[in-house]
Amino acid sequence: MTITDKAAEKGKAILTGEGKEKWGIRIYVAGESCCGLSYGLNLQEEQMPEDEVIEKDGLKVYVDKNTLMTLADKEFDYYAGEEGEGFIFTGGVSSCSPGASSACGSGGSGCSSCG
């Protein structure tokens, strides 16, 4: 997993805004949907024993080894646009990416994000 300049900048700004400049961001698998794994983020003060630490421009990102394996070909980025803003993962192929065979078929499984 790599971290973009935008994600590092926004992550540091969030930590600074919370008064937690020396903390980092934890990424974890939050669940699974018809489109693949979903990830959660939260602020964390220090590295846990099972964590890998990825740093970019002073931002520390903590990821346990199992989660990191699922993100091996991904880029941690920050997006801001008409649809909203937030951290995203780019790269690789998800089951709902254009050109991929969707796990949802025509969206009939109840997964609104694949419809």
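Overview of results
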{"item": "Enumeration of residues in segment 55-91 that are in a loop (DSSP other than H, G, I, E, B) and among the acidic types (Asp, Glu)", "result": "Asp57, Asp73, Glu82, Glu83"}
{"item": "Scan of segment 55-96 for residues that are free of Cβ contacts under 8 Å to residues at least 24 places away in the same chain and of a type in the set (S, T, N, Q), ordered by number", "result": "Thr90"}
{"item": "Some residue of segment 55-70 being in contact with a Ser or Thr (Cβ under 8 Å, 6 or more places away or on another chain) and of a type outside the set (D, E, K, R)", "result": "no"}
{"item": "Looking only at segment 38-70, and only at residues there that are polar (S, T, N, Q) and either loosely packed, with under 11 Cβ neighbours inside 10 Å or within 13 Å of the chain's Cα centre (by Cα) (or both), the one that is nearest to Gly24 (Cα to Cα)", "result": "Asn42"}
{"item": "Residue count, segment 28-54 (criterion: in contact (Cβ under 8 Å) with a residue 40 or more places away in the chain and assigned to a strand (DSSP E or B))", "result": "6"}
{"item": "Hey, Ala7 among the small types (Gly, Ala, Ser) and in contact (Cβ under 8 Å) with a residue 60 or more places away in the chain or not", "result": "yes"}
{"item": "Only one of Gly92, Gly105, Gly86 that is under 14 Å from the mean Cα position of the chain (by Cα), at pLDDT below 90 and of a type outside the set (S, T, N, Q)", "result": "Gly92"}
{"item": "Residue list for segment 1-27, restricted to those being assigned to a loop (DSSP other than H, G, I, E, B) and surrounded by 12 or more Cβ atoms within 10 Å (Cβ to Cβ)", "result": "Met1, Thr4, Lys20, Trp23"}
{"item": "Members of segment 71-85 found to be aliphatic (A, V, I, L, M) and surrounded by 12 or more Cβ atoms within 10 Å (Cβ to Cβ), listed by number", "result": "Leu71"}
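The values are calculated or read from the model by the stated rules, or taken from the named source; none is laboratory data. These figures come from a predicted structure and were not determined experimentally. Ideal geometry is used to build each Cβ from the backbone, glycine not excepted, and the neighbour counts take in all protein chains shown.
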